[in-house]
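A quick write-up on the structure given underneath.
Please treat every number below as a calculation from the coordinates, not as lab data. If you're wondering where the values come from, they're calculated on a predicted model, not measured in any experiment. Please note: Cβ atoms are built from the backbone with ideal geometry, for glycine as well, and neighbour counts cover all protein chains shown.
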Amino acid sequence: MTETVTKPEPPESALSAPYWQGLRDGRLLLQACGACGTLRHYPRLLCSACFSDAVSWRQASGHGHVHSWTVAHHAFHVGFRDELPYTLVTVDLAEGPRALGRWRGATPRIGLAVKAILRQADAAAVELWFEPDGEA
Amino acid sequence: MALRDQACVSGIGETAYMRGSSKTAFELQIEASLAAINDAGIHPSDIDGVIPIGIVSGIAEDFVDNFGIRDLRYSALIPHGGASPVMALQAAATVLATGVCRHVLITFGRNVSAGSNKAGARIHNMPQFHYVTEFEHPLGNSAPAQIYAPMARRHMELYGTTVEHFGAVAVACREHALLNGNAIMSKPITLEDHRNSRMIADPFRLLDCSLESDGGAAVVVSAADVAADCRHRRVFISGVAVGHPDSPASITQRPDMTSLGIGKAAPRAFTMAGVTPADIQVAEIYDCFTYAVIRQIEDMGFCEKGEGGPFVADGRLRLGGALPTNTHGGLLSQAHVWGLNHIVELVRQLRGDGGRAQVAGAELGLVTGYGDLGDGALAIMRRG
Ligand SMILES: [Zn+2]
């Protein structure tokens, strides 16, 4: 008998649904304030610059630089046990906000130029990954 | 400053700390609370304020029921993880200084041995981790060790902080735990043991991580004049303050990932107490991870940002050093009860009851709280 190991699923909300739909459509979307244009991530109700709740969504270029990173050597959720060790990277996106993603490539370093990859994890889920942008 | 020396910790209590306790979180919490109330020399029904830490066991109504409290005048829940106990000192001092209450109980109990309660699972039921739960947990960023690791990695890369610096914190805590009959860890460790311990989430090794543990702790905080009639010499809360990083619920969105809330709290607390870091004789610093101690030492002004590694490296945190730290063994080697054990230990030190870990002549000390993703709190206390 095979054991089916599933990863945790994101608890989508009305607020965040466009982000997740964007990933499924192959686009990394950031919230943009509908009043003043300030970009923000993760999705939240109000713009902290002008307090407007008007929102539009803007596609990020996917380009950025490594802010920091870690390599997971212990799986705190069984769904990641078979992927150890794996690297998580925090990325300063060219548009300003910072994103967290999985990493493909040699050990990252702070400041390294990276680009986003949207990776179909299974039928339902698309994961945000990053890899070196051009020469590593 | 309105709060300075208006409240005292009059009672302290702890259960035995262990893994695999047969008692529920609430039983552990009640046991610790009764010990603290007894230590203060009052009756359970004398409590008129209750601040349960977290929503992991009893709520205020449970204490009304079990302690026969007839006139509860204040209760609060402070949802900031390990910063909550020191934040609760601030809340208690406020309601005691303004005459709302006479005796406030700050109380905590936990049993994390149950499988469903492991570190990788339980935080995802907590609202303060909702960004992590939705956007990071599905990518495998599940537990505090992983979530905090990039902060430590960045500190290492920007400032040259080393594995040996982290190890110095772990070794100091362990040395102190060996002097404490109520510490889970009882085996000595060296810097080499630390360096060789298994990697959990780079750069955190096993010996950089605090202990999963079961137990309870509690303190009674009383108005300064009321505390004069309690059993022990008074330990005054001279300065206390709270601070939150920007943005508090998402490390990922923080302009500077290495910034903590205690950087905002520390100047306020020191100003309120009218002292400087150089005056501090003993420190109980929240040590969820070794790195967190180094970073808080910087933010409190004991050294410049980036100098925390060298600061801890030369034995300064050990008994006999310039800043004896976590004299009970800390979360790293005594037990993890969200840092309420740090407050208990500071009071013990300032009463002169520190036993084999007593810092000679300690009259002024501090205790920090560090919660969730960088919320901070600092209390400066002095013996009366
Ligand atoms: Zn706006």
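Per residue of peptide B:130-136, the mean number of Cβ atoms on other chains within 10 Å of the residue Cβ is 6. Taking 20 Å as the straight-line reach from the Cα of residue B:23, the lysines in range (excluding those fewer than 8 positions away in the same chain) are B:118. Rounded to the nearest whole Hz, the Karplus-based 3J(HN,Hα) values (6.51 cos²θ - 1.76 cosθ + 1.60, θ = phi - 60°) of region B:35-43 follow the sequence 4, 5, 5, 5, 4, 6, x, 10, 9, with x at glycine and proline.
Once the cut-off is 35 Å, how many percent of the Cα-Cα pairs in the protein assembly as shown end up in the long-distance tail? Walk me through the numbers before you get to the answer.
Values: 46950 of 134940 pairs.
Of the Cα pairs, 35 percent sit more than 35 Å apart.
Each peptide in B:208-221, A:46-59, B:241-254 receives the mean, over its residues, of other Cβ atoms within 10 Å, and ordering these scores from highest gives B:208-221, B:241-254, A:46-59. Packing around the peptides B:177-187, B:278-288, B:90-100, B:336-346, taken as the average count of other Cβ atoms within 10 Å per residue, puts them in this order, highest first: B:336-346, B:278-288, B:90-100, B:177-187. Here region B:310-357 is described by how far its Cα atoms reach on the three principal axes: 28, 23, 14 Å, from widest to narrowest.
Averaged over peptide A:93-100, the number of partner chain Cβ atoms lying within 10 Å of each residue's Cβ comes to 3. Hey, fewest Cβ within 10 Å first, where do B:161, B:24 land in order? The most exposed by this proxy come first: B:24, B:161. Using bins of 10 Å that start at zero, the share of Cα-Cα pairs per bin across region B:102-226 amounts to 11, 29, 33, 22, 6, 0, in whole %.
Output the relative contact order of chain B, whole-number percent, from Cα pairs under 8 angstrom with separation of 6+ residues.
Values: 954 pairs, mean separation 100.0, N = 384.
Computed value for chain B: 26 percent relative contact order.
Peptide packing: for B:167-174, B:269-276, the average count of neighbouring Cβ atoms within 10 Å per residue gives the ranking B:167-174, B:269-276, highest mean first. First check a/c for region B:136-177, with a ≥ b ≥ c the square roots of the eigenvalues of its C-alpha gyration tensor; if it is under 1.5, answer rounded, and if not, answer prolate when a/b is larger than b/c or oblate otherwise. Because a/c hits 1.5 or more and a/b fails to exceed b/c, region B:136-177 counts as oblate.
Amide H contacts of residue B:7: B:224, B:237, each under 5 Å away and 5 or more positions distant or on a separate chain (H built 1.01 Å from N in the peptide plane; Pro and chain starts excluded).
Evaluated at q = 0.10 Å⁻¹, the base-10 log of the normalised Debye intensity for chain B, with identical point scatterers placed on the Cα atoms, takes the values -0.56.
Between residue A:53 and residue B:231, the modelled label-to-label distance comes to 5.3 nm, taking each label 7 Å out from Cα in the direction of the beta carbon. Under 20 Å from a label point 7 Å along Cα→Cβ of residue B:61: give me every residue in region B:1-43 with its amide N that close. Under cut-off, by backbone N: B:25-27, B:29-30.
Counting only other chains, and only Cβ atoms inside 10 Å, what mean value do you get across the residues of A:62-72?
On the way: counts 0, 0, 0, 0, 3, 7, 14, 6, 15, 8, 11.
Mean partner shielding for this stretch: 6.
Rounded if a/c is under 1.5, else prolate if a/b is larger than b/c, else oblate: which is region B:324-384, with a ≥ b ≥ c the root eigenvalues of its Cα gyration tensor? Because a/c hits 1.5 or more and a/b fails to exceed b/c, region B:324-384 counts as oblate. In angstrom, the C-alpha Rg and Dmax of region B:9-98 are 13.0, 42. Within the same chain, lysines fewer than 8 places from residue A:115 are excluded, and of the rest, those with a Cα less than 25 Å from its Cα are A:7. As a test, work out the antiparallel percent of DSSP beta bridges whose residues both lie in the protein assembly as shown, rounded to the nearest 5. If I count the DSSP bridges inside the protein assembly as shown, around 85 percent turn out antiparallel. Under 5 Å between amide hydrogens, built in the peptide plane, is the criterion, and for residue A:28 it picks out A:60 among residues at least 5 positions away or on other chains. Using the rule -39500 (n - 2.57) for each DSSP H run of four or more residues, divided by the residues of chain B, the 222 nm mean residue ellipticity is -9500 deg cm²/dmol.
How do B:370, B:131 line up, fewest other C-beta atoms within 10 Å first?
Numbers: B:370 30, B:131 22.
Going from least to most buried by this count: B:131, B:370.
Taking all C-alpha pairs of region A:1-125, those more than 22 Å from each other amount to 45 percent. Could you grab the relative contact order for chain A? Cα pairs under 8 Å, six or more apart, rounded to a whole percent. Worked out over chain A, it gives 20 percent.
Could you list B:378, A:84 so that the one with the fewest beta carbons within 10 Å of its beta carbon is first and the one with the most is last?
Details: B:378 33, A:84 12.
Ordered from fewest to most neighbouring Cβ atoms within 10 Å, B:378, A:84 come out as A:84, B:378.
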